[in-house]
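Only the coordinates and a few stated rules stand behind these numbers; no lab work does. As the structure is a computational prediction, the values presented were derived from the model and not from experiment. Ideal geometry is used to build each Cβ from the backbone, glycine not excepted, and the neighbour counts take in all protein chains shown.
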Amino acid sequence: MPIHDQGYRRYAGLRAQTGFAWAVIARAGIRTLFAKRAFVGLLLLSWVPFLVRAVQIYAATNLPQAQFLAPDGRMFRNFLQFQEVFMFFITVYAGAGLIASDRRANALQIYLSKPLTRLEYIFGKFAILLSLLLLVTWLPAVLLLVIQVMFAGSFTFFLKNLYLLPAITVYSIIQVTSVGLAMLALSSLSKSSRYVGVLYAGLIFFSQAVYGVVESISGDSTMAWLSVPMDLQQIGDLVFRLEPRFHMPGWSAFAVIGLLIAVSAAVLERRVRGIEVVA
Amino acid sequence: MVTLDSVTVSYGTHTALKDVSIAFETGAVGLLGPNGAGKSTMIKSLLGFVVPNQGRMRVLGLDVAESPLQIRAKVGYMPENDAHIPGMNAVSFVAYCAELSGLPRVDAMQRAHEVLFYVGLGEARYRNVETYSTGMKQRIKLAQALVHDPDLLFLDEPTNGMDPKGRDEMLELVRDLAHNKGVNVIVSSHLLPDIEYTCTRVVVMDKGRVAAQGPIDGLKQPRGQVFELRVKAPGGPDGFIATLRAAGLECHATDDDVMRVFVPGEEGARRIFAMAAAEQVQVRHLRPSVPTLEDVFAQAVGEE
């Protein structure tokens, strides 16, 4: 006879208030990803540019011969732009299967039979991408700012460029939100994460190719709003108070990204349901 | 325990539930009906997956439209088809479901182990769910529905795809939960023996409507006599069956060459013999029988 009763017992312990299930989903998703070596390798690789920039800041603040490397707003802007490459790979690796795999395994009806709303489920999944992408954009950019202060031994640069911290934060959030929601929406459209990855790559590269063709014909960058990455670059220039690189109005870039976020939200609202009805 | 008041649910042009009003009593209740009768739709409506076109529903005293989360915290749902969280082993999956239901992490893991032992997956609890057999997947679905200790369990076709031994064990678990562990259970199935073994009450669904309901024993009470009958007729038994039905006798064929005839009132076998003589049909076998749930089901849905 076992010492411990292995039969079914009623539970009389504590239960959390509803509204926090998204955190359970996010935590489990992040833990699952960090258990994969390939993903950890990708994350480590994405921090290499941070190391390069840290060395640059060290040299600029400590070596008089390296003054031409002195950091400015453009350096932070360029750093975040470079991180978009890693954002792409992390988004595809971590995001493609977030909802697609659940749809393949009929997990949505399991999730939504628990005390959580569809919004909580979506936010939980989004929080996974949000935290991972901020880990390769916002966090290293802010750390570069901190390192600059530490290496320089003064707040002079920081105080002269007070706009940098909010600019890094706002631009990172715009990048991560648009990319993350678009990927989640695409993930909800299919049961195959590979197919979702291809769809996402298509969204990025196809819009860029269309703009490339239009630009080569017209010789003008007014139509850069056709490309999602170009829209983000334009927004980045505006947020970091730099000369915009494309001849399109700033509002058009914001409008396209806003539209992308709205369409993604609408797709998610329609696709994330406990029952799939084919009428 | 559960009430539906004039509930209608439509998928496009197809109406799955038609103005259904019913009250489920506490204990173990079977939801019986052929495929497409509206059983799963009823459960999914009660969970809030489907919004009814009209009507109101209450589960455990709470309105489904107003308090879906409070209801889902108190109920467990075992879906009909294969469903799991991908990329997890059994104990992680079940503990994850417990955490989603609000249990603290340590309690969730402890409950997961206990429930997995209870459903018979103790030895396989560290295996990835995707490697499980069909029977094991049925058990893990029960475990995830049970882990947060619900007051009410919705089991949608719990023995689907199970071998006979596994099926018996699953039915034993359901019966134990309902009769010994104080968990209210609504079992949806098209298998009469499953309902008869696990439940004390039954709701028979047909074409989106409630065809019959009540205690199984009560529904099986004879309001006449039931006979097993085998005949030899010149043109086959179909003509005689039609004659019996035309005379108001309920008659349905079984798997064997035997038909079951329900004769209301006290006339019994005498009436069958008289009709057989009139039709020049030889009665080769006639034996009084006791009503089964199958008879109740056949009467309720008018099965031929």
Amide H partners (placed H, <5 Å) of B:Leu153, local residues excluded:
B:Gly76, B:Asn184, B:Val185, B:Ile186
Please enumerate, by chain and number, the aspartates and glutamates with C-alpha under 13 Å from the C-alpha of B:Lys207, excluding those fewer than 8 residues away in the same chain.
B:Asp19, B:Glu303
Calculate the spin-label point distance for A:Arg10 paired with B:Leu62, positioning each point 7 Å from the Cα along the beta-carbon direction, and give it in nanometres.
1.8 nm
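First measure r as the distance between the Cβ atoms of A:His247 and A:Arg37, then evaluate 1/(1 + (r/R0)^6) with R0 = 51 Å and state the FRET efficiency to the nearest 0.05. Spell out each step's value before the answer.
On the way: r = 45 Å, r/R0 = 0.89.
So the FRET efficiency works out to roughly 0.65.
Are there GluC sites (Glu not before Pro) in region A:208-277 that DSSP marks as loop and that have at most 11 other Cβ atoms within 10 Å, and which are they? Mind dumping the intermediate values first?
On the way: sites: A:Glu215, A:Glu269, A:Glu276; in loops: A:Glu276.
When the GluC sites (Glu not before Pro) of region A:208-277 are filtered for loop state and at most 11 Cβ neighbours within 10 Å, A:Glu276 remain.
Report, in listed order, any pair from B:Lys74/B:Lys137; A:Lys36/B:Lys137; A:Lys36/B:Lys39 with a Cα-Cα distance greater than 31 Å. Please report the intermediate quantities before stating the final value.
On the way: B:Lys74/B:Lys137 23 Å; A:Lys36/B:Lys137 25 Å; A:Lys36/B:Lys39 42 Å.
Cα-Cα > 31 Å for A:Lys36/B:Lys39; rest within.
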On a 0 to 90° scale, report how tilted helix B:90-100 is relative to the longest principal axis of chain B, with both axes built from alpha carbons and the result rounded to the nearest 10.
80 degrees
Here region B:236-246 yields Karplus 3J(HN,Hα) values (6.51, -1.76, 1.60; θ = phi - 60°; whole Hz; Gly and Pro given as x) of x, x, 4, x, 5, 4, 5, 5, 4, 5, 5
What residue among A:Gln83, A:Gln56, A:Gln65 has the largest mean-square fluctuation in a Gaussian network model of chain A, using Cα springs under 10 Å?
A:Gln65
Which one, A:Gly73, A:Gly41, A:Gly124, has the greatest fluctuation when you compute a Gaussian network model over chain A with C-alpha springs under 10 angstrom?
A:Gly41
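Filter the trypsin sites (Lys or Arg not before Pro) in region B:195-253 down to the DSSP loop ones having no more than 10 other Cβ atoms within 10 Å, then list what survives. Show your work: numbers first, answer last.
Values: sites: B:Arg201, B:Lys207, B:Arg209, B:Lys220, B:Arg223, B:Arg230, B:Lys232, B:Arg245; in loops: B:Lys207, B:Arg223.
Those satisfying the criteria are B:Arg223.
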Residue of B:Thr198, B:Thr26, B:Thr13 that the Gaussian network model of chain B assigns the largest fluctuation, springs spanning Cα pairs under 10 Å:
B:Thr13
Rg and Dmax of chain B, Cα atoms, in Å?
22.6, 76
With label points set 7 Å from each Cα along the Cα-to-Cβ direction at B:Asn35 and A:Val213, the distance between them in nm comes to 4.7 nm
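What's the FRET efficiency of B:Asn53 with B:Ala246 using the Cβ-Cβ distance as r and R₀ = 35 Å, to the nearest 0.05? Present the calculation step by step, with values, prior to reporting the outcome.
Values: r = 39 Å, r/R0 = 1.10.
The value I calculate is 0.35.
Based on the alpha-carbon gyration tensor of region A:163-267 and its eigenvalue square roots a ≥ b ≥ c, which shape applies: rounded if a/c is under 1.5, prolate if not and a/b is larger than b/c, or oblate?
Details: a/c = 2.35, a/b = 1.26, b/c = 1.87.
It is oblate, given that a/c is not under 1.5 and a/b is not larger than b/c.
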Give me the distance in nm between label points sitting 7 Å out from Cα along the Cα-to-Cβ direction at B:Thr3 and B:Thr26, one decimal.
1.6 nm
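Taking the Cβ-Cβ separation of A:Ser131 and A:Asp220 as r and a Förster radius of 30 Å, what is the calculated FRET efficiency to the nearest 0.05?
FRET efficiency, A:Ser131 to A:Asp220: 0.15.
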Mean Kyte-Doolittle of at least 0.5 plus a Cα span of 30 Å or more along the axis: flag which DSSP H helices in chain A meet both, please.
A:164-187, A:193-218, A:250-271
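Given 0.36 nm per residue, what is the gain on full extension from A:Phe82 to A:Ala59 after removing their alpha carbon distance, in nm?
Working: separation 23, 0.36 × 23 = 8.28 nm, distance 2.05 nm.
Working it through step by step, the gained length comes to 6.2 nm.
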Ellipticity estimate at 222 nm from DSSP helix runs (n ≥ 4, -39,500 (n - 2.57)) divided over chain B, nearest 500:
-10500 deg cm²/dmol
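Using 0.36 nm per residue, how much length does the chain from A:Arg273 to A:Leu189 gain when fully extended, once their Cα-Cα distance is taken away?
Full extension of this stretch gives 29.0 nm more.
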